[in-house]
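Please treat every number below as a calculation from the coordinates, not as lab data. Not measured: the values here are computed from a predicted model. Glycine gets a Cβ as well: all are built from the backbone with ideal geometry, and neighbour counts include every protein chain shown.
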Protein chains: 2
Amino acid sequence: MEVCIVGLGLLGGSLGLAIKKAEADVRVLGVDTNPLHEEKALSMGIADETGAFEDLVPRADIVILATPVDIIALQVTAALDILKEGAVLSDFGSAKRKICATADRHIRRDWFVAAHPIAGTEDSGPQASFAGLLAGKMMIICDREKCQPEALEKIEKLYTLVGMKLVYMSSSSHDSHIAYVSHLSHISSFALGGTVLDKERNEKNIFNMAGSGFSSTVRLAKSSPDMWAPIFGQNKENITEALTNYIDRLENFRNMLEKDDREGIYQFMKEANDIRRVLEGK
Amino acid sequence: MEVCIVGLGLLGGSLGLAIKKAEADVRVLGVDTNPLHEEKALSMGIADETGAFEDLVPRADIVILATPVDIIALQVTAALDILKEGAVLSDFGSAKRKICATADRHIRRDWFVAAHPIAGTEDSGPQASFAGLLAGKMMIICDREKCQPEALEKIEKLYTLVGMKLVYMSSSSHDSHIAYVSHLSHISSFALGGTVLDKERNEKNIFNMAGSGFSSTVRLAKSSPDMWAPIFGQNKENITEALTNYIDRLENFRNMLEKDDREGIYQFMKEANDIRRVLEGK
């Protein structure tokens, strides 16, 4: 079997390594517009060979698009156009509605399985990838009723092979939820990093005072703008809603602080503490 | 030598364990208003004996106040009143200006060394403490020019003994900086937890979709309201400034998103990425 991975970054690279580790006789074909990424992918054993989209996509039994979401929205059509008979296309995009809407307009829509792995780190590029990144993580599969059962089965088998747990939902439900549990935390972290860096310009040594709590909260501010700018664009409405709720909550806190509403501030934290139950209970 | 630790929570407990580990013949006296904490401290080896503030503080050569900051602001006077001749008082408060201002009004002010360990986890209570918590971490010492050299030396020796690195600044500079690198990240995290929990009320299974990025960003939302409500109160002005800058930045992001200002959004993230250099370079 041949699996073609388009986009040899953190996720595409980790998928390649995980496939090779689980099933040595699967041949991984790698596509990346950056020749340094292709070189790195070959030397790290992510891919057995690399080449052009037009050459490798038509050869593969399974094609995975692991590029930024604006590129996926273009490649989903381009890939379905040249996909081999009986082959399956899937993707790793963090926003699903636009990609799925694009696929919906293609006559071979039923050979596309939209997916989103809940996995990643704040690092990017093939050099950041590792075989264990996907194992034990959730893979969200969207709009599965639009897929050929055969296509779905093939993709589920691949994702299960690399140790992922499958979850199903609609692409619109995905985008609405993910705005809260992923996109919003990236924005809050980018904004925190920016705010503190701004303060640092005038006040030296501030980072001597930063502990592990700050590092943890600001970690996602290291994430790649190339990956995230298109995600924010594609999930604009849901993110605007989540962000507005978040800003309202912060303004409410500021008002309570100004009014010395100690009890209100206490309740604000007490309610948020419930996140412990939720994170540990899942 | 006898060291009295008042407040046997995460930090006080970890200090006790670290002292006993580094210097077995130091006797640790523990004070806590919660009898269960006292019991736990004895069974964990945090303290050699426990008892009342009025009984143990006058006996000790060094007294450390590791209670919530509103309690410290009261205990600093009470402890200086009954401190043994030649003994030293220090504290672990996360906001320093109010505590230092209180100490400034005491005639034995020069036997007080204001300190803030940049260490902690989102857990609390003696059961969360461990001997290694303080090792390698920063200890910020404030307003050292107000201390007897002998008092300062004694305290520096103790904090160095448990492996801490000493940093010096004024209490007002401390409070202004810490509002950004600690207090603000707690607020952003509490607000994120609250916002997502609020959404969850209507939408089940949202947390299936939460990955390690969300967990990292929301980790501090597990922190203790009993500890944090008084900190926010004591550092109100600085926090209001930091929070206002943070909210402005989030609103700016929301505006750019609404206007599809892709370049602006890209720059917003690119600037925040610089946090990587700062965190890794320190």
Problem set entry | Whichever aspartates and glutamates have a C-alpha closer than 15 Å to that of B:LYS222, once near sequence neighbours (fewer than 8 apart) are set aside | A:GLU271, A:ASP274, A:GLU280, B:GLU122, B:ASP123
Exercise. Taking the Cα atoms only, what angle lies between the long axis of helix B:184-200 and the longest principal axis of chain B, rounded to 10 degrees?
Worked result: 50 degrees
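So which trypsin sites (Lys or Arg not before Pro) in segment A:189-241 pass both tests, a DSSP loop state and at most 11 other Cβ atoms within 10 Å of the Cβ?
Values: sites: A:LYS199, A:ARG201, A:LYS204, A:ARG219, A:LYS222, A:LYS236; in loops: A:ARG201, A:LYS204.
In loop regions of segment A:189-241 (DSSP not H, G, I, E or B), the sparsely surrounded trypsin sites (Lys or Arg not before Pro) are A:ARG201, A:LYS204.
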Problem set entry | Value of relative contact order over chain A, rounded to a whole percent, pairs C-alpha under 8 Å and six or more apart | 17 percent
Exercise. What is the mean number of Cβ atoms from other protein chains located within 10 Å of the Cβ atom of each residue in peptide B:138-147, rounded to a whole number?
Worked result: 1
Problem set entry | Loop-located GluC sites (Glu not before Pro) in segment B:194-282, at most 15 other Cβ atoms within 10 Å (DSSP) | B:GLU203
Exercise. Between B:GLY93 and residues 5 or more places away or on another chain, which pairs have amide H atoms under 5 Å apart, with H built 1.01 Å from N, and which residues are they?
Worked result: B:ALA115
Seminar exercise, completed: For B:LYS21, the lysines lying under 20 Å Cα to Cα, once residues fewer than eight places off in the same chain are dropped, come out as B:LYS40, B:LYS137, B:LYS154, B:LYS157, B:LYS165
Problem set entry | Helix-derived mean residue ellipticity, 222 nm - over chain A, DSSP H n ≥ 4, -39500 (n - 2.57), to 500 | -15500 deg cm²/dmol
Exercise. Residue separation times 0.36 nm, minus the C-alpha to C-alpha distance between A:ASP261 and A:ILE82: what's the value?
Worked result: 58.1 nm
Exercise. Percent relative contact order of segment A:155-282, based on C-alpha pairs within less than 8 angstrom and at least six residues apart?
Worked result: 27 percent
Seminar exercise, completed: With Cα coordinates, the longest principal axis of chain B makes an angle with the long axis of helix B:69-82, in degrees rounded to 10, of 10 degrees
For this session: Using R₀ = 45 Å, calculate the FRET efficiency as 1/(1 + (r/R₀)^6) where r is the Cβ-Cβ separation of B:GLN127 and A:ASP226; round to 0.05.
Result: 0.50
Exercise. How about segment B:14-50: which GluC sites (Glu not before Pro) there lie in a loop by DSSP and see at most 15 other Cβ atoms within 10 Å?
Worked result: B:GLU23
Exercise. Using Cα atoms only, what is the angle between the long axis of helix B:262-273 and the major principal axis of chain B, expressed in degrees (0 to 90) to the nearest 10?
Worked result: 20 degrees
Exercise. Remind me, relative contact order of segment A:42-99 in percent, using alpha carbon pairs under 8 angstrom and six or more residues apart?
Worked result: 38 percent
Exercise. Where nothing but the Cβ of Lys and Arg (+1) and of Asp and Glu (-1) is charged, how large is the charge dipole of chain A around its Cα centre, in debye to the nearest 20?
Worked result: 560 debye
Exercise. Along Cα→Cβ at 7 Å, what distances in nm separate the A:GLY51 label point from those on the other copies, shortest first?
Worked result: 8.4
Seminar exercise, completed: Mean other chain Cβ within 10 Å across A:237-250 is 5
Seminar exercise, completed: For B:LEU161 and A:GLU49, extending 7 Å from Cα along the Cα-Cβ vector and measuring point to point gives, in nm, a value of 7.0 nm
